[in-house]
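Reviewing the structure listed below.
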Amino acid sequence: MTRPLLELDHVTLAFGGLHAVEDLSIAVGEGEIVSLIGPNGAGKTTLFNLITGVYAPTSGDIRVAGRSIAGLAPHRIAGLGVARTFQTLRLFVNMSVKENVMAATYGHTSARMWQSVLRTPKARREEREVNALAEEVLGFFSQRLMGYRWDQPAYSLSYANRRRLEIARAMATRPRVLLIDEPAAGMNPQETHEITDLIARLRDERGYTILAIEHDMHVVEGISDRVIALDHGQKIAEGSFEAVATNPLVVEAYMGRGTAVTKG
Amino acid sequence: MSTPNDAPPRIGVDEWVARSGERRDRGSGPSAAIVRALERVGWWQRLAVIAAIVALFPLLTSSDYAVRVGVNTLLLATLALGLNVVVGWTGLLDLGYVAFYGFGAYGFALLSSNQLGSSGIHLPSLLAIVIVVVAAALLGLLLGLPSRRLQGDYLAIVTLFFGQIFVETVTNVAPKVTGGPNGVVGIDPLNFFGLEVTTTRGYFYVLLIVTVVIMGALHLIDSSRTGRGWRAVREDPLAAALMTIPVNKVKLLAFSVGAAVAALAGTIFAAFQAGAYPTDFDTPFLILVYAGVILGGSGSIAGAVLGATVVSVTLELLRNPSQAATLFYGLILLTLVVRVRPWRKLGAVLAALVAFGFAVHAVIGAISASAVAGHPRSGGWVGDALGSWVVVPADPKGPGNIAFVVLILGLVALVQLKGTARTVLLVPLLYLAAFVWETRLVAEASITRQILLGAILIVMMNARPQGLLGSKRVEVL
């Protein structure tokens with residue numbers, strides 16, 4: 001593994017007596033694509049919420065490029081290069097497609113309100129840059145988010161395009177680590193196939209380090225350098241797709257202990 | 001691929017479908033041509049043209065009263081612009097907003113009158129305004145602090161409480177300073193470098209400039225980093241935070257900007273009426289500002305101004321019983337035309353209503369002469385026309401009150417019913433509405449104004465939920 005970019009060091013998150021994540025240690029190397037799998041309620045999305053600062057860990061440390069981010073406010077963590085998409089889409093639905101992306105550059109721009117009102121050279125330069133970035137990022141999805149769609153409200157997009165826009169918006173925050181929550185959920189087979197290619201392109205062309213939650217095992221197999229399986233907030237297996245998929249603990253977590261009777 | 005504007009997309013392709021809303025809004029014919037022409041010019045040219053037209057208004061009328069209505073309208077418009085930042089863009093339900101208006105008025109009053117010290121404080125107007133507006137912005141920041149943790153209705157309750165604290169404070173806490181219930185009187189007029197603004201027309205122009213400048217500034221902010229931050233926080237605070245937006249800071253800034261705009265309006269208001277009184281800043285006035293923002297279309301700059309204008313002018317028209325009656329019956333007729341379909345049913349309802357009225361009038365007149373002895377309270381041609389149709393007793397107060405309660409119960413019953421029963425009940429209810437109007441409502445102008453404004457809002461929001469100039473919003477997907 002290359003130098004770890006994202007490290008979770010014995011992280012525990014407790015809600016009262018319930019340990020949603022327990023003593024979890026994960027390291028994701030720079031440029032790696034790691035998939036998180038596990039049954040519903042295993043703590044995958046909770047883990048994303050921990051990394052992005054929605055929750056602060058009860059104990060343990062989270063580091064990005066060696067810098068501790070545990071307990072920082074979400075917008076600070078995002079500013080340090082951690083971006084995510086949401087399993088249940090959370091776009092700014094009443095803003096235009098382009099504005100959705102432009103809004104995500106807030107942390108990397110600094111024009112004050114009065115500078116925007118007076119249209120100072122700095123504010124205008126920033127606005128030009130943000131515009132160019134938004135167009136470039138939207139162009140990543142070939143023609144799907146281009147042209148007339150820029151000015152359309154996000155709610156008017158198709159479901160698949162909304163998923164794409166979520167990724168575009170995350171890209172505009174200039175991330176180093178991209179957390180993708182169930183990118184293929186609700187997609188048809190053709191779109192699922194595209195998503196697999198897209199995630200590979202995100203790493204190869206943009207250099208992102210990617211941690212993805214995914215239930216579709218074809219996607220997991222297609223994208224992952226490494227797979228980590230969670231259950232009850234704990235890591236139960238880690239390694240190549242084949243190794244994890246055949247791991248008895250993983251099979252048990254998905255299927256239950258060997259009580260099922262196989263039909264002859 | 002971006003299609004040039006002059007080449008419309010092929011019928012049936014994605015882009016054509018996506019633009020169906022635009023085409024429907026724009027339509028065809030001469031009005032659409034005007035809209036298209038307006039769209040070709042930039043926003044600030046449009047603003048300048050409209051401002052120039054509005055600037056002609058005081059020159060075209062010789063009535064000081066009309067210009068005074070104009071001043072009040074511009075004040076409400078400025079307030080609506082500030083509230084739109086907080087509510088329309090950032091999505092914070094701030095019910096203490098009017099307190100900042102009052103703060104501006106009282107702040108200016110104390111810095112420009114004999115109220116404080118032995119000979120009072122008389123700062124130059126510009127200095128006083130800057131001090132008060134900056135102080136209000138800071139106060140907005142302070143009162144915005146709870147908004148960091150509170151959402152939706154919780155924030156509304158806390159801010160409503162702030163609004164009440166303001167009124168209570170200026171009324172009761174330090175009567176020597178704020179004049180208690182009597183307020184502060186003898187406030188200096190606005191004075192810019194020796195140029196005193198003393199006429200109603202003068203204040204109209206000062207406010208027109210202020211409104212236009214604020215509209216321009218807000219437009220630039222809306223399409224900037226700050227504006228996008230505000231709207232992103234409105235749409236989804238959590239997603240906004242995870243997209244590098246410091247949600248708390250952005251919310252506080254919105255509160256602060258809203259407070260500053262309201263305070264600026266307050267300073268001019270205090271100078272205009274040469275006094276500041278606690279009753280000017282109570283909750284009913286807050287409702288008017290909200291009505292303006294919602295009616296115009298929450299989130300739209302031009303909408304806030306248009307909505308405030310509609311509210312202000314409507315309330316003014318309702319002062320006069322004959323105008324109020326025209327508006328009342330007009331509203332009912334309009335609602336019937338829009339809602340009762342097909343037209344044969346509409347015709348039947350109207351015919352039945354006319355016949356019902358004359359029949360009731362004849363029957364009751366035959367039983368007791370005094371029961372029809374009164375004259376409709378609506379003056380003018382409406383009152384004359386209804387003379388022998390609607391029953392007005394010699395002493396209308398008691399029957400009017402009872403009828404009002406029956407009318408409300410009837411309306412409740414009406415919305416429960418379906419089909420023919422509903423249509424049949426509509427006739428006596430409409431007659432009852434006319435009866436209540438002629439016996440009671442017209443006589444209680446101040447209450448009726450509020451009820452009618454509410455009715456107008458309900459009708460408008462049914463017809464166009466996004467407001468006059470607002471764009472359609474989707475809540476959840």
Worksheet item: From B:A304, B:A325, which residue is surrounded by 21 or more Cβ atoms within 10 Å (Cβ to Cβ) and closer than 25 Å to B:A433 by Cα?
Response: B:A325
Discussion item. So if I check each of A:A185, A:A229, A:A243, A:A253, which one is open to solvent by less than 10 Å² (accessible area, probe 1.4 Å) and of a type in the set (A, V, I, L, M, F, W, C)?
Written reply: A:A229
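Return the only residue of A:Y148, A:Y159 being at the interface with another protein chain (Cβ under 10 Å from one of its Cβ atoms), surrounded by fewer than 15 Cβ atoms within 10 Å (Cβ to Cβ) and not basic (K, R).
Result: A:Y159 is the single residue among A:Y148, A:Y159 that is at the interface with another protein chain (Cβ under 10 Å from one of its Cβ atoms), surrounded by fewer than 15 Cβ atoms within 10 Å (Cβ to Cβ) and not basic (K, R).
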Worksheet item: Going through segment A:44-98 one residue at a time, which ones are in a loop (DSSP other than H, G, I, E, B) and at positive phi?
Response: A:G53, A:A65, A:G66, A:G71, A:G81
Worksheet, complete the sentence: Note: among B:A434, B:A355, B:A362, just one is modelled with pLDDT of 90 or more and closer than 25 Å to B:V459 by Cα, namely B:A434
Worksheet item: Scanning segment A:101-120 for residues that are facing another protein chain (nearest Cβ under 8 Å) and assigned to a helix (DSSP H, G or I), which turns out surrounded by the fewest Cβ atoms within 10 Å (Cβ to Cβ)?
Response: A:H108
Worksheet item: Before we move on, is B:L150 open to solvent by less than 60 Å² (accessible area, probe 1.4 Å), part of a loop (DSSP other than H, G, I, E, B) and either more than 16 Å from B:F108 (Cβ to Cβ) or out of contact with any Leu (no Cβ under 7 Å at 6 or more places or on another chain) (or both)?
Response: yes
Worksheet item: Only one residue in B:P237, B:P175 is of a type outside the set (D, E, K, R) and surrounded by fewer than 16 Cβ atoms within 10 Å (Cβ to Cβ), so which one is that?
Response: B:P175
Worksheet item: From B:A240, B:A259, which residue is under 30 Å from A:R174 (Cα atoms) and either in contact with a helix residue (DSSP H, G or I) (Cβ under 6 Å, 6 or more places away or on another chain) or assigned to a helix (DSSP H, G or I) (or both)?
Response: B:A240
Response to the item:
Of the residues in segment B:117-137, those that are more than 20 Å from B:I268 (Cβ to Cβ) and in contact (Cβ under 8 Å) with a residue 40 or more places away in the chain number 0
Item to complete: Sort out which residues of segment B:34-74 are open to solvent by less than 80 Å² (accessible area, probe 1.4 Å) and in a loop (DSSP other than H, G, I, E, B), and write them in order of number.
Response: B:V41, B:G42, B:T61, B:S63
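For segment B:177-211, which residues satisfy the criterion of being part of a helix (DSSP H, G or I) and either within 14 Å of chain A (Cβ to nearest Cβ) or at positive phi (or both)?
Of everything in segment B:177-211, just one residue is part of a helix (DSSP H, G or I) and either within 14 Å of chain A (Cβ to nearest Cβ) or at positive phi (or both), namely B:G180.
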Discussion item. Condition first: modelled with pLDDT of 95 or more and closer than 11 Å to B:A240 by Cβ. Now tell me which residues in segment A:101-119 satisfy that.
Written reply: A:A103, A:A104, A:Y106
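The values are calculated or read from the model by the stated rules, or taken from the named source; none is laboratory data. Just so you know, these numbers come straight off a predicted model, no measurement behind them. A quick note on method: Cβ atoms are made from the backbone with ideal geometry, for glycine too, and the neighbour counts reach across all protein chains shown. These area figures cover heavy atoms from the full protein model, side chains too; ligands, DNA and RNA do not enter into them. Shrake-Rupley method; radii C 1.70, N 1.55, O 1.52, S 1.80 Å.
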